[in-house]
Amino acid sequence: MIKNLNNIKIILLMIILSSVGNNLFAQKLHSDNGDGTFTNPVIAADFPDPDVILVDDTYYMVTTTMFVFPGVTVIKSKDLVNWEYCSNAVPRFDFSPCYNLNGCKRYGHGQWATSIKYNKGKFYLLFVTLDEGGFICSSEKAEGPWEIKKLPKAFYDAGLFFDEDGRIYVAHGYNEIRMTEVDENFAPISNDSLIYVGDIRKGLEGTHVYKINGYYYLYCTYGGLDGIQVALRSNNIYGPYEQKIVISEKTHGPNFGIHQGALIKTQTGEWWTMLFVDSGPFGRFPSLQPVTWIDGWPMVGVDGKAVVTYKKPNVGKDYPIKIFPTSDEFNTHKLGMQWGWNHNPDSAKWSLLENPGSLRLKTVKVVDSLQKAQNTLTQRMFAYYSDTLASVGTTELNFKNMKDGDIAGLAVFQDPYAYIGIKKIKNKKYVIMVNNGKMIDSSEVKVDKIYLKANAIYGTGAADIFTGNAPAGTGSALFSYSVDNKNFTKIGDELKMRFSLKIFTGNKFCLFNYATKELGGYVDFNWFRTSAEKI
């Protein structure tokens, strides 16, 4: 019976998706244009601080997830354009109670600026957290499982490097870049040698290390909204280094301020770079750029300008278009890799098995706001390659087993945040809209199942990114509900989305359930689906 119900859900989803529109490119969620070209951003979602390597015929990219777990996301590609999830290297991070939202939090902190390398049959991920220090993850397969180990020393914005003679180095630092030799356990065996001080402006960081044609290259950024990407080079790993600006893009649009990332050589000998752009409320988007070597320097883009639409990398053959999963029918025994919690997951408080075909969220502790709530399940928002489409998240919520004071629903989370949800007050249930902690609207409902919708409108950001009118700005989100999944009623006011460094990740869709009075309640999310709607 359960299998039949799940099949019915899949058929209904296919009907819904087909009714949204038959023209895939009208709702384009991928950068591959299908004609041998691609359009930046190469991924229109929050995959910041990219580092990329090629192993055999597969490219692997690691990005920053900060406080979200499972996290330290690794994705993979055959052609540098079409990417898919590979693994979340760190299922949970048990190095501070703050990752459990236990009296403290790690919003805006956690894992970032990871360096990925492959050496002697093993993958390595080196990263730092500002509060807990340095960590190394290792695995024989990028798909995992990964082993994590705390290091005796923290390396800020680290660039791991295995030299040809077997020695291992880490370049690290902010503005003052230092080089440290480490042993096979990644413990320092030398002093931190100062090798370069940023002299264009403050903020030289994000260092990655390469050895190319006898030169050591430090590929770094002067970060910020108007980022500058530079290369430093020397014939000695300890310097002295000379510096060259390889891209400083100030054209408003999808590449404004492009910076921080990796140099990549394809199987056919082409050179590319994966950098990122601060792209407004949806986060920081990766941008793929061609590299031309001029007088021994890796110059980015074409004639000093970053490309928007350009021919795809030549990797020796063609590969199919890939689209990241976003919708979820909750029909399997584990969550898809697009999902991550705002904290360490508590496996006893959620289930895909207790009510098969649904995600059950139980209350974990009594709190007074969503920011403090456990059992907040999140995923990235993806922007459409259009300035006329909103990214929409819709979910079906069964809430008949809530306790007094419980609140469950669908949020758009950053700082500020907002949500639509159900709150039980004594024996009555209300659909409510809360904007940044303030109750805006409420309406009593007489049902036990409801459909909740959030329309995330990139707003001025969409025009910035896809038409190049202005620097990326704010977006907005609107909320609505339905009892039949056909006729939706707007509720509350508009959330003015922003990208705040207090959170430091892009706005995310969230499914949540928390208690304000007592424990013991639970809700079931039958599905979560994303779609596009005209603005």
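FYI, it's all coordinate maths here, none of it is from the lab. Just so it is clear, the model here is predicted, and its values are computed rather than measured. Reconstructed Cβ throughout: ideal geometry from the backbone, glycine too, with neighbour counts over all protein chains shown.
Once fully extended, how much extra length lies between Ser347 and Asn102, figured as 0.36 nm per residue of separation less the alpha-carbon to alpha-carbon distance?
86.6 nm
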May I ask you to derive the relative contact order of the stretch 30-311, considering only C-alpha pairs under 8 Å and at least 6 residues apart, and to give it as an integer percent? 16
Given a Förster distance of 25 Å, report the FRET efficiency between Thr332 and Val366 from their Cβ-Cβ distance, rounded to the nearest 0.05. 0.20
Please identify the cysteines of the chain that lack any partner cysteine with a Cβ under 4.7 Å from their own Cβ. Cys86, Cys137, Cys220, Cys510
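Quick check on the exposure proxy: order Ser87, Ser115, Ser96 from fewest to most C-beta atoms within 10 angstrom.
Details: Ser87 24, Ser115 28, Ser96 16.
By the 10 Å Cβ count, ascending, the order reads Ser96, Ser87, Ser115.
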Gain in length, Gln267 to Asp295, computed as 0.36 nm per residue apart minus the alpha-carbon separation, to one decimal in nm? 7.8 nm
Could you please report the charge total around Ser115, scoring K, R as +1 and D, E as -1 over all other residues with beta-carbon less than 12 angstrom from its beta-carbon? -2
Straight-line reach check, Lys141, cutoff 20 Å on alpha carbons, 8 or more apart in-chain or any other chain, hits among aspartates and glutamates -> Asp51, Asp56, Asp57, Asp79, Glu84, Glu184
For the stretch 340-534, what does the relative contact order come out to in percent, with C-alpha contacts under 8 Å and a separation of six or more? 34
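How big is the C-alpha Rg of the stretch 340-534 next to the rule-of-thumb value 2.2 N^0.38 Å, as a ratio?
Dividing the Cα Rg of the stretch 340-534 by 2.2 N^0.38 Å gives 1.00.
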Stretched fully, the stretch from Glu533 through Ile323 gains (0.36 nm per residue minus C-alpha distance, one decimal, in nm) 73.8 nm
Which value results when the Cα radius of gyration for the stretch 30-311 is divided by 2.2 N^0.38 Å? 0.94
Return the calculated 222 nm mean residue ellipticity for the chain, to the nearest 500 deg cm²/dmol, obtained by summing -39500 (n - 2.57) across DSSP H runs with n ≥ 4 and dividing by the residue count. -1500 deg cm²/dmol
Tell me, His333, His259 in order of fewest to most beta-carbon neighbours within 10 Å? His333, His259
Cβ density ranking, 10 Å radius, fewest first, applied to Ile425, Ile294 yields Ile294, Ile425
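Which pairs, out of Lys122/Lys305; Lys76/Lys149; Lys120/Lys265; Lys428/Lys534; Lys334/Lys508; Lys334/Lys424, put more than 27 Å between their alpha-carbon atoms?
Distance filter (> 27 Å) returns Lys122/Lys305; Lys428/Lys534; Lys334/Lys424.
Mind jotting down a quarter of the surface of the convex hull over the alpha carbons of the chain, in square nanometres, one decimal?
So the Cα hull casts an average projection of 23.9 nm².
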Taking Cα pairs under 8 Å and at least six residues apart, what relative contact order does the chain come out at, in percent? 15
Does anything in the stretch 294-317 have its amide N under 12 Å from the 7 Å Cα→Cβ label point of Asp57, and if so which residues? 315-317
Does anyone have the angle between helix 2-20 and the longest principal axis of the chain? Alpha-carbon axes, 0 to 90°, nearest 10? 70
